[in-house]
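As structure tokens, the structure follows; a few thoughts come after it.
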Amino acid sequence: MKKLLEKIDYNNIPHHVAIIMDGNGRWAKKRGKLRTFGHEKSIQSVRETINGSKELGIPYITLYVFSSENWNRPKQEIDSLMRLFHTNLKIHLEEIHEKNVKIITIGEVERFSEIIQKELFFFMKKTKHNTSGTLILALSYSAREEILRATKNIAEKVYNGLFSIKDIDFSFFQNHLYTKNLPDVDLIIRTSGEQRISNFLLWQSAYAELYFTNVLWPDFRKKDFFEAIINYQKRKRRFGNIE
């Protein structure tokens, strides 16, 4: 681990890292277990990632916890996931608060049960003044739905005469997204070997670097996170310009 840290340029730390936590089901299947076993074992990966981001001083980290499409999974798996959320949410969010990390959510959180919503809102309020970083939990999240929602919101305001079409620019549109107060994503990490974005932060990751690893999410550890950061730092980000 020390050798990895020595390779990291602390003057080139990404401001916002987003992670597609993929591979829980395959991890469990390899061990002859139910998919929910993989979800349970993924909690340590979340801890390691948050600790790694704090160690490097990364201000923002977004975890793709549950997509809108995930509601289409078998009812048994969804029910098990909701029980897992309910059982573990308070414990793990309290751990995050103790690390002085702020917690916020993006997505259609209202689709979760009332008790889960109450826990989330409680910890968002409790951690709002924390200063060691911000953890964004993408819950029932869909980038297309987010963009469509923003478009409808803006259209309604224009229709009601609150703004004109001339007022709409990139900044105006961005202020109608879930992430209106957050910086764009610098690096997206996806585990499990899959190489796609899966409807995740499409607007915010327009110029993000993409890093794919074959490591399944329950096996993802701090060293894997550091390796992703080192890979990111080797790249030349041009943002459409020439060198």
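Numerical summary
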read-out: Any hit, the range 73-81, residues being over 18 Å from THR213 (Cα atoms) and either in contact with a Leu (Cβ under 6 Å, 6 or more places away or on another chain) or among the acidic types (Asp, Glu) (or both); value: yes
read-out: Selection count where residues are modelled with pLDDT under 95 and closer than 26 Å to GLU108 by Cβ, scope the range 24-45; value: 9
read-out: Inter-residue pairs, beta-carbon under 7 Å, first over 19 Å from LYS223 (Cα atoms) and in the range 171-197, second open to solvent by 30 Å² or more (accessible area, probe 1.4 Å) and of a type in the set (Phe, Trp, Tyr), 6+ apart; value: LEU177/TRP203; LEU182/TYR60; PRO183/TYR60; ASP184/TYR207; GLN195/PHE212
read-out: Qualifying position, being part of a helix (DSSP H, G or I) and either crowded, with 19+ Cβ neighbours inside 10 Å or of a type in the set (A, V, I, L, M) (or both), among ILE188, ILE229; value: ILE229
read-out: Residue in the range 6-28 that is farther than 30 Å from ILE230 by Cβ and either in a helix (DSSP H, G or I) or under 16 Å from the mean Cα position of the chain (by Cα) (or both) present; value: no
read-out: Flag if ASN199 is open to solvent by less than 70 Å² (accessible area, probe 1.4 Å) and among the polar types (S, T, N, Q); value: yes
read-out: Selection from the range 145-195 of residues that are among the polar types (S, T, N, Q) and in contact with a strand residue (DSSP E or B) (Cβ under 8 Å, 6 or more places away or on another chain); value: THR179, THR191, GLN195
read-out: Only one of LYS3, LYS33 that is open to solvent by 20 Å² or more (accessible area, probe 1.4 Å), over 14 Å from TRP217 (Cβ atoms) and part of a helix (DSSP H, G or I); value: LYS3
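The values are calculated or read from the model by the stated rules, or taken from the named source; none is laboratory data. All values reported here derive from a predicted model rather than from experimental measurement. Using ideal geometry, Cβ is built from the backbone for each residue, glycine included, and neighbour counts are taken over all protein chains shown. For accessibility, only protein heavy atoms count, side chains too; no ligands or nucleic acids. Shrake-Rupley method; radii C 1.70, N 1.55, O 1.52, S 1.80 Å.
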